[in-house]
Every structure is written in structure tokens, then in C-alpha cells.
Amino acid sequence: MNKRNFLRTAALTGLGVSLGWESLAREFESVRYRNADSLAADDLFWKKIREQYLLKPDYINLENGYYNFIPQPTLERYIQHIRDINYQGSYYMRTVQWANKKKMAAKLAAIAGCGTDELIITRNTTESLDLIIAGQSWQPGDEAVMAIQDYGAMLDMFDQVAERYGVVLKKISVPNHPKSDEEIVSLYEQAITPKTRLLMICHMINITGHILPVRKICDMAHAKGVEVMVDGAHAFAHVQYKISDLNCDYYGTSLHKWMSVPLGAGFLYVKKGKAPKLWPLLGDRTKKEDVYRLNHTGTHPCATDLAIGDAIDFYNMIGAERKEARLRYLKNYWTSRVKDNAKIIINTPLDSMRSCGIANVGIEGMTPATLGKRLIDEHKVYTVPIDYANVQGCRITPNVYTNTEELDRFVNALHALANN
């Protein structure tokens, strides 16, 4: 790093810390009476939020879906948690670590809309849902239903139980632009037979940002005696909902995405009464009725657990409604400026009920890999190419710190590439 960049980085770090929690709280208090949709379009206001992030100047980051940057106030508290636990050593680990973990789980349950006895902290969505897939008492001939657009790690676990126990896997394909909720519900319904035990669905498909009608699918599946497991990796702290309203049996998510928790935290929801029949990933002597029986992890970096509370405080300060409105505004901002170009293909339904901050875009005649490479090489815009499951394009995931000036540069880049 040269001297100029070093000084710039130091200045930005200091800025994020100096504004801190109290100053941020005052900023949000000053706009508490403003309509969320109106505030979503106010770049001057969101510039103050942007100042809480330390961003590399080398490129425009439109790949927040894999890992969202931690804002500086949260990062500083996280570092302090590491120091505190290191200072206490074994005393902390043997006395209060589990009580603190349960406190953080309770804060998550309050936002997620479920009981504190239905949620445990895991490492990520993959661990959460693989625990459910592998934890079933599968019998040869049992069936499971999923989509080819589901996340690869969970599909891999289903492949493993198919090979190990003789489970039959039935895969559907979710259309990028469905005509109605009923079209999607019907696709899953047609795959269910009397042998179906578990149905997996995405709340928000990770490669396109497509929001599925979770409640309608769950109601349909339950009417046929089938449990539903939901991959909520991209929905939690992105769009507003309560798990209790979804009527699902299991729900897993990652907190390093839209909640901006340090790497290494997610959660698993298990509907009350369903924990006893699941086999834990690691052996545990806790009573079968207790969901914490599934939460044995061994020694782990518990500073991340404590940082969950700080990330929730930051999220609550922004406000769920304001954050969702801002993310949807950013997606609508850039898609509305490219959708009429015949050579630009949007692989995400743009209806407000079917997508929020994530969208996927491709260019006719150009592979996703080429598009991604040219965006970063020629225009300094970082994205992730997607080329499978009937989706060919780059996934675009802005965050609350993203501004319209950056999106204008991205839009100009898409038009230039499409027309050349």
C-alpha cells in the first residue's frame, strides 16, 4: 500500500469510529418521521451510513451477497470482544460463554419472529440446513423435493443421504419469470408423492434474488403431510418477515450476509416439538426436547457470538423497513435504466413482491464469465458470474452503503458492453 492509500485508509477508519453509535443514533432520530420510500432515494442521508464502512477504492463492490462488509462501529466492538475473551481466557469459556450465546440467540429470535426455544446459533446456512438433512431418520425409498436453483452445499448433502440411505431426490426448476405464485406452488406440488418426507425451498434464490411464496408452498406441503425446510440465507435482515408467519418447519440463514456479522455465525430455526426426532451433528447429553441439543459445537470463536448483538443494534438503528426500502430502491434504480436495452437480459422478476436488493443480469451473446471479467477489467465493477440452473448472468448485490453514482457507472458499463 502506498503512502497516499495508507493515509486515506487511516482517515476512513478514524471517521467510522469517531461517528460511532451515538452520532448514528442521532442521525436516524432526525429522520424517524420520514417515509421509508422517500428516505430510500436520499443519497445524502445514506452517505452518512456509507461513511461507517471502510471501502477499497480499487473497484465498485456489487458482490455483497457472499459476505457483507462489517461497518466500522461493529468491527471495533468485535475487536474489543476478542480482547476481552482473550483477557479472561478459560474463565470466560467455562463460566459465561453459553449464557451469552443464549442471550444472542434470544435477540435473534426477537427479530426472526420465533420462540427463544426454537432457535440456535450455528456457523452458517450450510451447517444449519445440512444438520436437518443429515439429521433425519431416512429410510430407503424416502423422497425429498428441491430445485436445481437451490444452493450447491445443500444439494451436495442431499446427494450424500441419497447415496448413503437410498433416498430418492426429485428436482424441479423454478422459472426466472413466473406468471403467478400458483405456478411455483404447482411445480413443487407435482413433485410430491406419498413417499415425500422433506421439501427444501429458498426464501430468496441466491443466484437471482427471486423471492418465493414461502407461506403458500408450506401450506400446500403440510396439507400433504410433508415438512418444509427453508434456505433463508439471503432473506434475513434483507426483507421483513416473521418466521412464525411462514409456517415452515425449519429455517436456516447466515448472519455474515445481510446482518453484517463477522464471519462464522448463522442460525437454525426448528419449529417447537420437532427437535427430538433430529440427530445432532455432534453428540450431546441435553434433553431431546431441547433445541440446544442440536447446538453442540465444541470450542469455537465465541467473540463472533457477542458481535451478533452489536450487528443487531446497528440493524435496528437503520430499521428493517428503511433498509428493505433502500435495497429495493437501489435494485430498481439500475434495472430501470437497462431493462429496455434489447441486448441486456434481466434474470430476476422485478415485481416488488418477488425481489428486493438482488438481481441478475446478462448480455446477449456474452458468457457470464466474460461479462464478469470485462466489468472488473474495463470498468472496475466487481460482481459474481452465474452460469447454471437456467441462469446466465452476473449477480448484482448492492448494500446500504452503495450510492447511485456507483450504479450509474455500472449502468454505463452494461450499455457499453451490450452495444459493443
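A short reminder: the numbers here are calculations on the coordinates, not readings from a lab. Remember, it's a predicted structure, so these values are computed and weren't measured experimentally. Neighbour counts run over all protein chains shown; Cβ positions are idealised from the backbone, glycine included.
Okay, here's what the table says:
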quantity: For a label point 7 Å along the Cα-to-beta-carbon line of ARG409, residues of the stretch 40-75 with backbone N under 11 Å; calculated: 56-62
quantity: 5 angstrom amide H check on ILE172, placed H, neighbours 5+ away; calculated: MET146, ALA147, ILE148
quantity: Separation in nanometres of the label points that stand 7 Å from Cα toward Cβ, at ILE148 and LYS339; calculated: 2.7
quantity: Antiparallel content of DSSP bridges confined to the stretch 222-338, in %, to 5; calculated: 60
quantity: For the chain, share of DSSP beta bridges that run antiparallel, in % to the nearest 5; calculated: 50
quantity: Most positive-pole-ward Cα, GLY115, GLY89, ASN332, against dipole of the chain from beta carbon charges; calculated: GLY89
quantity: Mean-position separation - Cα centroids, the stretch 28-62 and the stretch 215-242, in angstrom; calculated: 30
quantity: Residue-by-residue Karplus 3J(HN,Hα) for the stretch 342-353, coefficients 6.51, -1.76, 1.60, Hz, glycine and proline x; calculated: 4, 8, 9, 10, 9, 9, 10, x, 8, 4, 4, 7
quantity: Cβ-placed point charges (K, R +1; D, E -1), dipole of the stretch 78-312 about Cα centre in debye, nearest 20; calculated: 620
quantity: Electrostatic dipole magnitude of the chain [Cβ: Lys, Arg +1; Asp, Glu -1; Cα centre; debye, to 20]; calculated: 660
quantity: R0 of 45 Å, Cβ-Cβ distance TRP98-ASN419: FRET efficiency to nearest 0.05; calculated: 0.15
quantity: Total formal charge among the other residues, if their Cβ is under 12 angstrom from that of LEU155, Lys/Arg +1 and Asp/Glu -1; calculated: -4
quantity: Long-range HN-HN contacts of CYS302 with modeled amide H, under 5 Å; calculated: none
quantity: Candidates per GluC sites (Glu not before Pro) in the stretch 312-400, loop by DSSP, up to 15 other Cβ within 10 Å; calculated: GLU364
quantity: Förster radius 30 Å - calculated FRET efficiency between ASP290 and ALA162, Cβ distance, rounded to 0.05; calculated: 0.50
quantity: 13 Å beta-carbon shell around ASN176, net charge (K/R +1, D/E -1); calculated: +1
quantity: DSSP bridge pairs, the stretch 78-312: antiparallel proportion in percent, nearest 5; calculated: 40
quantity: Long-range HN-HN contacts of CYS394 with modeled amide H, under 5 Å; calculated: VAL361, GLY362, ILE386
quantity: Inter-centroid distance (Cα atoms) of the stretch 257-316 relative to the stretch 121-163, Å; calculated: 18
